[in-house]
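A short write-up of the structure that comes next.
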Amino acid sequence: MTPRALLRELASRVLGDRPAPVGGVARDRRLLRRALRRADVGRVLVVGPGLALRQALPGAQIDVAGTSPHSAEVTVCSVAIGRGSLPARRWDTVVVTEPGADLRARLEAVREACRPGGRLLVLDRDGLDPALLQTVAVPSGVVGSGRLLVWLGEVRG
């Protein structure tokens, strides 16, 4: 039995027949909900997979940046790397769920895409250097623990 199946079995014994959300998307969703609690997010852009954020913010207007024009999830076709790769000053909140190999270039793209004073969230699984975030946003906190964190910041104008 896989660890996930074992965890589901244990959870079903404790919670009854109701399935318990377990796995990467459920973990990311819970963390993003905590980071965004009671916040007016406005128009949102996700750079990377958007499923967890769509579940965390049901009913919100969410655009997903990606490179596959055939994907039903992608609404903004862009690599989101470097200046000019995303429309300027369009979103109130930008969430980076996939930092990519060149996070500095990704943050440059995000800085232009977010309205001044907007919110930036970066889902960090690999130990992000906080100084890198400070190049585009004023840090306002961090949510999570261990190897999974969400860095929060207000985008500089």
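Structural remarks
- Taking the range 122-144 as the range and being assigned to a strand (DSSP E or B), within 22 Å of residue 78 (Cα to Cα) and not β-branched (Val, Ile, Thr) as the test, the residues that pass are 123, 124, 137.
- Test: residue 110 is surrounded by 17 or more Cβ atoms within 10 Å (Cβ to Cβ), in contact with a strand residue (DSSP E or B) (Cβ under 8 Å, 6 or more places away or on another chain) and in a loop (DSSP other than H, G, I, E, B): no
- The set of residues from the range 36-54 being surrounded by 21 or more Cβ atoms within 10 Å (Cβ to Cβ), of a type in the set (A, V, I, L, M) and not in a strand (DSSP E or B) comprises 36, 52, 53.
- Taking the criterion of being more than 16 Å from the chain's Cα centre (by Cα) and at pLDDT 95 or above, the residues of the range 89-109 that qualify are 89, 90.
- Residue that is modelled with pLDDT under 85 and among the β-branched types (Val, Ile, Thr), where the choices are 22, 46, 64, 41: 22
- Boolean, residue 119 is in contact with a Gly (Cβ under 9 Å, 6 or more places away or on another chain), part of a strand (DSSP E or B), among the basic types (Lys, Arg) and touching a residue at least 40 places away in the same chain (Cβ under 8 Å): yes
- For the range 128-154, filtered to residues that are among the β-branched types (Val, Ile, Thr) and more than 15 Å from the chain's Cα centre (by Cα), the residue that is surrounded by the fewest Cβ atoms within 10 Å (Cβ to Cβ) is 135.
- The residue of the range 115-127 that is surrounded by the fewest Cβ atoms within 10 Å (Cβ to Cβ), among those that are within 15 Å of residue 153 (Cα to Cα) and under 14 Å from the mean Cα position of the chain (by Cα), is 124.
So that you can scan it fast, the table gives a plain yes or no per residue for (1) of a type in the set (Gly, Ala, Ser); (2) under 25 Å from residue 23 (Cα atoms):
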site	(1), (2)
79	no, no
83	no, no
104	no, no
112	no, no
120	no, yes
140	yes, no
149	no, yes
152	no, yes
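- Subset of the range 127-157 (residues that are in contact with a helix residue (DSSP H, G or I) (Cβ under 9 Å, 6 or more places away or on another chain) and small (Gly, Ala, Ser)): 137, 141, 144, 153
- Residues in the range 63-94 that are under 14 Å from residue 114 (Cβ atoms), part of a strand (DSSP E or B) and hydrophobic (A, V, I, L, M, F, W, C): 65, 76, 91, 94.
- Scan the range 101-157 for residues that are of a type in the set (S, T, N, Q) and in contact with a Pro (Cβ under 7 Å, 6 or more places away or on another chain) and the total you get is 0.
The values are calculated or read from the model by the stated rules, or taken from the named source; none is laboratory data. In this text the structure is predicted, and so the values were computed from the model without any measurement. All Cβ positions, glycine included, derive from the backbone under ideal geometry; neighbour counts span all protein chains shown.
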